[in-house]
Amino acid sequence: MKIKIVKSLNQKTKKDYLVLPFLFEKKEPKALFNISKFKKYISGPISSKDFSGKSKEMSLVYAPLSQDKRIILLGLGEMDKMDEFQIAESYAEIVKFVKSKKGSSINILIPEKLNLAKEDLIKGIVEGLYLSNYSFDKFRHFTKKDLPSSIKDVCLIGLETKDMAIVKKGEVIADGVNLTRDLVNNNADDETPQHLAKVAEDFSKISTKIKVTVFDKKRIEKENMGLLLAVNKGSDKDPVFIIVEYKGNPSSKDTSVIVGKGITYDTGGLSLKPSTSMDTMKSDMSGGAAVLGAMYAIANLDLKVNVTCIVPATENAIGPKSYKPGDVYVNMANKSVEVKNTDAEGRLILAEGLSYAAMKIKPSRIIDLASLTGACVVALGEDVAAVFSNRKELAEAFIEASKRTGDHLWQMPLYQKYKEQLKSDIADLKNIGSGREAGTITAALFLQEFVDDIPWVHIDIAGPAFLSKPKGLHPTQASGMGVRLLTYFFENLAEKQKI
Ligand code: BES
Ligand code: ZN
């Protein structure tokens, strides 16, 4: 999709549709533009009360004499509920509608008189357009023609040339999300640990502020990352440990580490998953893909922050060499873990990522994202991810960032008493709790064992990372959950550190 901008209505070029924005105010539609040119087109839907301006409401008007043959009246809802996310979702509805009608070009009149920062408004529109225009169709050979086409051209009317910088920002962030979506949607046999490493290595082309290091199996052995090696044993592909360093603020000592779970396929290992739970498990590297997508956006936006991204990656496959329930493996921090269930593998590889961060980088904060537990999907469903933190302010900063993105979060407790459940008869820890209850919490408590007391946030994205049906800005399957959340968190952090 190409997005252009023009200053005024007179400069607009012909498109399939023109979109006019309205608020819902005092139970009536309120035009957010000068209506003089459009009176004859908008009076019908308004006087008939067919259109009220409520959020995501649309009315289609045919305008045979106007340049664009069709006009859509778009409701943005109530002013006091307006934010960047609301804007993004509203314009996503436009894309979905126009696509379904096989249209390919849209003129959008930028809403005026909206009580919203211009940057939030433009970014909301641009992200809404790009994210909802995504489709993963590379495997549709004969059936692609049955899909709604995608939008090719959009013109935003009413912006200054300098606003193009904001459009570009929105574009970069959406590209980061779409990169993550592609990585997750791809076949697991193509999206191997080696391929993830290659994607990360290519990041060094983005900016001289980026340094990429990939540990191969030999180096992973040298680092004593026994838990990553254990999970890898059943696979015919070597594990990798990806490190992407971005130094956007070299004069500052403040640095963050973002760790993402990179299980490129989760069979469950010898504690084999039932087939109905396995068929979505190409998505088990969603956390890894999200931290990579976020790095892409952060570096391209040239944010003034120091961030290192870590992705321990391997398949959790099954075979004669598979690691075995009941055996004990030792991590790089010398903690021993009795593996009671080989399907609780995400926490094992994350333990190496967290230990590496805590021991070798000693950052100001660690953030991890992982499709960690089925229990999280049971508790919070596909709309909401669980957030845990050993610092109140850090959890709050993430919850704040999530409001702008629609990557909804709900805080769960690091309830220390449940740590009892992780006691092993023969090792320092075991990798599962005692039963099914509080499975998301016991997984988080396991991770906490590896972060020392560094400020840390854990986000279990098992539900929202991979969708069983389309939702708002997102199509079915990979949503790219976490990319915008992390990007906005770091944008806020850069802003705070300016002061
Ligand atoms: N990859 C799964 C978690 C998952 C489940 C993600 C459903 C997305 C949707 C993880 O590796 C796993 O299998 N966890 C086990 C842990 C259990 C054995 C303690 C689970 O949730 O069943
Ligand atoms: Zn598993």
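Scan the range 165-220 residue by residue and report those that are buried (at least 20 other Cβ atoms within 10 Å of the Cβ) and of a type in the set (Lys, Arg). Within the range 165-220, Lys169, Arg181 meet the criteria.
Pick out the one residue from Val307, Val377, Val384 that is surrounded by 23 or more Cβ atoms within 10 Å (Cβ to Cβ) and either polar (S, T, N, Q) or in the same structural domain as Ser468 (by TED's automatic domain parsing) (or both). If you could, list the steps in order and put the result at the bottom.
On the way: Val377 fails: surrounded by 23 or more Cβ atoms within 10 Å (Cβ to Cβ); Val384 fails: surrounded by 23 or more Cβ atoms within 10 Å (Cβ to Cβ).
Every option except Val307 fails the conditions.
Cβ-Cβ distances below 9 Å connect the following pairs, each with a first residue in the range 260-281 that is free of Cβ contacts under 8 Å to residues at least 24 places away in the same chain and within 11 Å of Ile318 (Cβ to Cβ), a second residue that is within 9 Å of ligand 1 (Cβ to nearest atom) and part of a strand (DSSP E or B), and a separation of six or more residues or different chains: Met278/Asp266. Taking strands (runs of 3 or more DSSP E) as the structural unit, those lying wholly within the range 322-373 and holding at least 2 residues that are touching a strand residue (DSSP E or B) at 6+ places or on another chain (Cβ under 9 Å), modelled with pLDDT of 95 or more and among the charged types (D, E, K, R) correspond to 365-370.
Give the number of residues within the range 409-426 that are under 14 Å from the mean Cα position of the chain (by Cα) and either surrounded by fewer than 18 Cβ atoms within 10 Å (Cβ to Cβ) or over 29 Å from Phe490 (Cβ atoms) (or both).
Final tally of qualifying residues: 0.
Among the residues of the range 257-281, those identified as surrounded by 24 or more Cβ atoms within 10 Å (Cβ to Cβ) and under 18 Å from the mean Cα position of the chain (by Cα) are Val257, Ile258, Val259, Gly260, Lys261, Gly262, Ile263, Thr264.
Checking the stated criteria, Phe450 turns out to be more than 16 Å from ligand 1 (Cβ to nearest atom) and surrounded by 19 or more Cβ atoms within 10 Å (Cβ to Cβ). Comparison of Lys49, Lys54, Lys14 shows that the only residue that is exposed (fewer than 15 other Cβ atoms within 10 Å of the Cβ), touching a residue at least 12 places away in the same chain (Cβ under 8 Å), assigned to a loop (DSSP other than H, G, I, E, B) and charged (D, E, K, R) is Lys14.
From the list Leu74, Leu60, exactly one residue is part of a strand (DSSP E or B) and more than 28 Å from Lys162 (Cβ to Cβ). Which is it?
Working: Leu74 fails: more than 28 Å from Lys162 (Cβ to Cβ).
It is Leu60.
Counting the residues of the range 238-268 that are under 18 Å from His195 (Cα atoms), in contact with a helix residue (DSSP H, G or I) (Cβ under 6 Å, 6 or more places away or on another chain) and more than 16 Å from ligand 2 (Cβ to nearest atom) gives 6.
When you check Lys430 against the structure, is it over 30 Å from Leu473 (Cα atoms) and away from ligand 2 (no atom under 16 Å from the Cβ), yes or no?
Working: over 30 Å from Leu473 (Cα atoms): yes; away from ligand 2 (no atom under 16 Å from the Cβ): no.
Spelling it out, it is not the case that Lys430 is over 30 Å from Leu473 (Cα atoms) and away from ligand 2 (no atom under 16 Å from the Cβ).
Pick from Asp202, Asp137, Asp146: which is modelled with pLDDT of 95 or more and either of a type outside the set (Gly, Ala, Ser) or more than 20 Å from the chain's Cα centre (by Cα) (or both)? Result of the check over Asp202, Asp137, Asp146: Asp202. Pairs meeting the criteria (first residue in the range 431-447 and closer than 16 Å to Gly463 by Cα and of a type in the set (S, T, N, Q), second residue within 14 Å of ligand 2 (Cβ to nearest atom) and assigned to a loop (DSSP other than H, G, I, E, B), beta carbons under 6 Å, at least 6 apart or on different chains) are Thr440/Thr373. If you check Ser90, Ser47, Ser105 for being farther than 23 Å from Glu160 by Cα and outside the structural domain of Lys403 (by TED's automatic domain parsing), only one passes: Ser47. Somewhere in the range 408-431, is a residue near ligand 1 (Cβ under 10 Å from one of its atoms), in the same structural domain as Glu223 (by TED's automatic domain parsing) and of a type outside the set (Phe, Trp, Tyr)? Yes, the range 408-431 contains at least one residue that is near ligand 1 (Cβ under 10 Å from one of its atoms), in the same structural domain as Glu223 (by TED's automatic domain parsing) and of a type outside the set (Phe, Trp, Tyr).
Within the range 468-480, is there a residue that is assigned to a helix (DSSP H, G or I) and not assigned by TED's automatic domain parsing to the domain that holds Tyr91?
Of all residues in the range 468-480, those assigned to a helix (DSSP H, G or I) come to none.
No, there is no match, as no residue in the range 468-480 is assigned to a helix (DSSP H, G or I) and not assigned by TED's automatic domain parsing to the domain that holds Tyr91.
Taking only the range 348-372 into account, find how many residues are surrounded by fewer than 24 Cβ atoms within 10 Å (Cβ to Cβ) and either of a type in the set (D, E, K, R) or within 20 Å of the chain's Cα centre (by Cα) (or both). So the answer is 3. When the residues of the range 221-237 are filtered to those that are in contact (Cβ under 8 Å) with a residue 60 or more places away in the chain and away from ligand 2 (no atom under 15 Å from the Cβ), the one that is nearest to Thr192 (Cα to Cα) is Lys237. Restricted to the range 209-265, and to residues that are aliphatic (A, V, I, L, M) and assigned to a helix (DSSP H, G or I), which residue is nearest to Glu345 (Cα to Cα)? Filtering first and then ranking leaves Val231.
The values are calculated or read from the model by the stated rules, or taken from the named source; none is laboratory data. Being a predicted model, the structure only gives us computed values, none of them experimental. Please note: Cβ atoms are built from the backbone with ideal geometry, for glycine as well, and neighbour counts cover all protein chains shown.
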